[in-house]
Structure formats: structure tokens, C-alpha cells
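Values in this text are rule-based calculations from the coordinates and carry no lab data. All of these numbers come straight from a predicted model, not from anything done at the bench. Because the Cβ atoms are built from the backbone with ideal geometry, glycine has one as well, and the counts that use them run over all protein chains shown.
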Amino acid sequence: MRWATSTVYQIYPRSFADSDGDGVGDLPGIIGKLDYLQHLGVDVVWVSPFYPSPMVDNGYDISDYQDVDPLFGTLEDVDELIAGLHARNMVLVIDVVINHTSAAHPWFVESRTVPETPKRDWYWWRPPREGMPFGAPGAEPTNWVSFFSESAWEADPGIGEYYLHLFARDQPDLNWENPAVRQELYAMMRWWLDRGVDGFRLDVINVVSKDLPLRDGEPLPGSPYGAGFPLFTCGPRIHEFMAELHQEVLAPYRATGREVLTVAETPGATTADAVLFTDPGRAEVDMVFQFEHMAVGRGVSRFDPTPWTLPQLKAVMHRWQQDLGATGWNSLYWNNHDQPRVVSRFGSGRPEYRAASAKALATALHLQRGTPYVYQGEELGMTNYPFTGVEQLVDIESVNHLASRMAAGSAPEQVLAGLIEGSRDNARTPMQWDAGRHGGFTSGTPWLPVNPNHEVINAAAQVDDPASVFSWYRALIALRRELPVVAHGDFVPLASEDQQLWAFLRRLDDARLLVLVNVSDEPVAVDLTALSQELGESPWQPTDLVLGTHESPAPTTLRPWEAALWWL
Ligand code: ISL
């Protein structure tokens, strides 16, 4: 697996670095930080959408796939970014959102306004439900709820039909059943490869194959809607489409020796799906970006926080390690632009342990089998923002969720805590570069406020500090490149029921690496005899430390949030 020794760094461009003082990050801002990324040691950079967009979903609603929104810069800036990365032996992965376009995309404008156009079939248009007048409540073609808390169908009086949108009404779904749609998207991707990009993150790609005929889902308790998710997640033609995409887009370039990375964002995918997507023999995608571990500590939605235990988290991640085995390949992540900050979610609530917990969680993730992803600011131990009121939240998913809960009779204060804890805005506050005004992110007014804790948590304070979270991430990223057992070894879970200790073994040929992480505010004893007996071996007595977060580590006890790696 070409990407086994790589680490991917995700940039959310509007919040990374602002070069022109308009309060929004941009491509020249990213170009100005390439030395920082090189120093961190990452070799793949994934940039979230920077294309022309009405920004209803901050760029995941694209109105022109082959240009750059002036907010972020120009196509020449992309060329300069590619050159800057390549000069540092790094590569660029761009984010293609091809399940849907913006409603402002010319394809959709034509589809909805030009009679008899072939573009009508480029989207999912359907008449009202049988026997019901257009526009009547419940006349939507199916009872599906969108990811953004409203009906997945929007009525268009101009046509007298409804169009499907699994996300916002401004994000109409493309009809992948139409080969002309697929060929247009493949041509667009080849255009970017010809421009020099090195790969694609395929946004929510596992919903492009819908189970036909489109039909109602199971009613959702306490909701006027039904669950369409099972009827469009990893649908009947998804692997056919992924194989076709590979053949039409990637294969011609790989045949010339170009290394092209594809990561499929696949919410709801199972480990069995993941093996089908990523088995190299099937020539579909290189790795999946899935969400099962993100559901730990959540009830019916991300806005419904519930108590969680370390065994629950370990069980999900260990199953993914074991089910994918030697055939499948997974992204390893805690954070992205859709997820609250991991140190606030699974780390310590005690300020004195925040940094240590960030390092501990990073260790438990980066030592697994797969390709790790670092989301901007995670390498600093950045935290969620201290939001206090719903009016501070701007993400469409949060705004729509609040509106739907209030329409159902809840008062804002009843949903406030869950909103604040689960909102995607937590991941989108600006990168904290220094302790100065607006964290060094912008000379203007930031589009989203900079976390006040930037005075303590910032890159300038950490880059040259060998004890910082940044330096620990840098060491983990380097270790993956140095030790074949980290990149290519198998995974053996240990102490799966332990409430504090996260322990596992990585093995490759004669190399055996014991990973011990204390995921708690209290010291923990490590029963090495019990661990070794899980493999039927005589008691382990490791003496050769590979890496440790604390001074003078002992393999038999771990201090709060201590992590240590030992050769066996
Ligand atoms: O945030 C989520 C809902 O809780 C995720 O399920 C997310 O919506 C889903 O994984 C798809 O995410 C991707 O597509 C969306 C966009 O809003 C997200 O930012 C993107 O990561 C629609 O393009």
C-alpha cells in the first residue's frame, strides 16, 4: 500500500490562513505555510473545496468544478500550491463533491428552467406522490429526511415536480444512473489530474447509487420523516461506479507511473463494505474515511451526546483493524471539518492534562494500521470553541437542527448543550498560529471567532518545543516512515475491557511493538503477565523503549495520559 507510510494533513481553507485580510483563509495563505507542514512531516495535503460556491455549505455546494472561488484565490494559486508541495516532496489531494452540485451550478439551472433539456435527467426529478396534489404536505415522492434535518425533496413550482437533495436544498443530488453525468464528472477529474493534482477525496461518495425504485424508508420515531439512509448507503451499483471511476480516471494516469491517491468518504459503510472498496485487487479506491468510531458517545445524532467508555471506543476501532486485516485499508482519524475537536471529546477535561491527553490519543491512533489524518490544529491540541449561545453557530447542519427541534416544540435552551458540543463549527474556528491578535490567522476580522485560548495554544509556542503536542505529532509521523512494523504490521488488541488502558501489539516478521496508552486522569498499573497470557506467551519484560511521552517510563505503570512504545 503506497500510502502506508504517509500521513495526510487536512486543510479547511476558509479557516487555515488569510493572506489578504478579508477574514477568510485562502490559497496564498496555505502557500505561506508549506514550510510549517513540511516541518510537521506530513506528505499528503488534502484541501477542502475552494471552487466557486454560494457557500451554503461552505464550499461543499459547488457551482463550477473547474475554477477557484475568488474568496480563496485563482487557478494560478492552485498551480503555485501544487508546485510548492511538489518542491517539498508533498502531494495535493483535492476534495471533489460529486454526489451533488450547488443549485447555482449551470447544469442544475438548465435542468430546472429549460424545457425538454437532456439535463433534466442529470438530477433526480419526481412528480408528487401518487394521488396527491403538487405542494400538498406529504406529497414529497418519498418520506426521506435529509442530513440537514429537512425533507430530502424540494418542490419546484416552475416544473411542478420535486428534486432530491440528501443535504441542503441548495445541494441537488446528481443522477449517477445517467452515464452522461458520470462521464462529465470523470472528465472533470482528469482535467484536475492534468493540472497536476495528486488525488481526490471523494465526498460522501457511497450515496451516489440509490436503491431503485426510490421509495419510503422506515418511519423515524417522533419525526414526520422516514429513514432513507439504508436505501442510498452503499447502494446496488456503488462498486460498479467506483470501479468505473477507477478505470476512467485513475488507471490511465497510474499506467504512466503517476501515483494518484483516492480516499472515499463513506458514512455508514461497514467493515465488509470497506474491504470491497479498498481491496487493491478490485481497483476501486485506496482507502475509506468512515465514521463508526465517531458514533461512540452519541445517541440519535451528533447533537445527542451520551456517556461513553474506553472499551466501547476500543471495540469499534479494534474491529475495524481486525476486519480489514491484510486486504482492506482505512483512514485513521479523530478530527475533520465535520467533527468536534478530539481533545474536547475524548481527552481530559482537566486543563493540566489537556496537552498530555492530546498526545495520548494521537499515539493510540497513529500506531494503528492504516493512513493517519491530521486535521488542522489537531497537532497543537486545539480544543472546541467556548460557544455560549445558538446565535454564534453558523454551520447549516447546526442551524437546521435547531430549527427542526424548535419546530418540534423544543426551546433553544433544551438543545443548546447538545448543539454546542456537536456542532461542526467547533472544528472550523480559525487555526491558531500565535498568541497575537486573532491568533495570527488574519489581519482583518475572522469569519468565525478565534478561540480565546489561542494565547496559550498556538503553533508559535509549540514548533520549537520538544515537549509540545506538535513535536509529539512530528515524532509519530516520522515513526511511521522509519518503522515498517508501524506501516505494515498486523494489529493484535490487548486488554480490550480495561477502562483506562489502551494496549495493543503490532507485529511484522520478528518485530513486535507493544503500545501502551493511559486514557485517563489517574495512574494505571499494566499487568504485563496478563497481557502476555492473552497470546499464550511467557511474561513480557520489555526494556527497550521506542518512544515515550513522559520521562523515565516504566512498562508496568503509566502516569495519567502517559503513552509509551516498547520493543518486545
Ligand atoms: O457531519 C455529518 C452529519 O453528522 C456527516 O455525516 C457528513 O454530513 C457526511 O459524512 C458527509 O460529509 C460530507 O458531505 C457533506 C458536507 O456537508 C460535509 O462537510 C462533507 O464532509 C455534503 O457535501
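Summary of computed values
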{"read-out": "Fewest-first ranking of VAL47, VAL517, using other Cβ atoms within 10 Å as the exposure measure", "value": "VAL47, VAL517"}
{"read-out": "The chain, helix-only ellipticity at 222 nm - DSSP H runs n ≥ 4, -39,500 (n - 2.57), divided by all residues, nearest 500", "value": "-8000 deg cm²/dmol"}
{"read-out": "Straight-distance crosslink candidates among aspartates and glutamates, where the alpha carbon sits under 20 Å from LYS119 and sequence neighbours closer than 8 are dropped", "value": "ASP61, ASP64, GLU110, GLU154, ASP156, GLU161, ASP170, ASP173, GLU177, GLU184"}
{"read-out": "Restricting region 69-173 to GluC sites (Glu not before Pro) in coil, as DSSP defines it, with at most 16 other Cβ within 10 Å", "value": "GLU116, GLU130"}
{"read-out": "Neighbourhood charge, 13 Å Cβ-Cβ cut-off, centred on PRO106 and excluding it, Lys, Arg +1 and Asp, Glu -1", "value": "-2"}
{"read-out": "Other-chain or far-sequence residues with amide H under 5 Å of LEU547's (modelled H)", "value": "LEU565"}
{"read-out": "Cα centroid of region 396-436 to Cα centroid of region 292-352, whole Å", "value": "20"}
{"read-out": "Net charge dipole size for the chain [Lys, Arg +1 and Asp, Glu -1 on Cβ; Debye, nearest 20]", "value": "740"}
{"read-out": "Relative contact order (%) - the chain, alpha-carbon pairs under 8 angstrom, separation at least six", "value": "13"}
{"read-out": "Antiparallel %, DSSP beta bridges [both residues in the chain], to 5", "value": "60"}
{"read-out": "Trypsin sites (Lys or Arg not before Pro) restricted to DSSP loop in region 20-114 with at most 10 other C-beta within 10 Å", "value": "none"}
{"read-out": "For region 338-454, size of Cβ-based charge dipole, Lys and Arg +1, Asp and Glu -1, in debye", "value": "300"}
{"read-out": "Within region 1-131: Cβ-based charge dipole about Cα centre, in debye rounded to nearest 20 (Lys, Arg +1; Asp, Glu -1)", "value": "580"}
{"read-out": "Listed peptides 357-364, 335-342, 456-463 by packing density, highest first (mean Cβ within 10 Å)", "value": "357-364, 335-342, 456-463"}
{"read-out": "Under the span-like rule (Cα at least 20 Å along the axis, Kyte-Doolittle mean at least -1.0), DSSP H helices of the chain", "value": "179-195, 310-324"}
{"read-out": "Dipole of region 372-463, positive end: most advanced residue of PRO449, GLY422, ALA435 [Cβ charges, Cα centre]", "value": "PRO449"}
{"read-out": "Reachable lysines from LYS359, criterion Cα separation under 24 angstrom, eight or more residues apart if same chain", "value": "LYS33, LYS314"}
{"read-out": "Tail fraction, Cα-Cα pairs, region 382-480, threshold 15 Å, whole percent", "value": "66"}
{"read-out": "For region 215-232, 3J(HN,Hα) per residue [Karplus equation, 6.51 cos²θ - 1.76 cosθ + 1.60, θ = phi - 60°, Hz, x = Gly/Pro]", "value": "8, 4, x, 4, x, 8, x, x, 9, x, 10, x, 8, x, 3, x, 8, 9"}
{"read-out": "Distance cut-off 30 Å, percentage of C-alpha pairs in the chain lying past it", "value": "52"}
{"read-out": "Rg over Rh, two decimals, region 93-232 (C-alpha only, Kirkwood Rh)", "value": "0.99"}
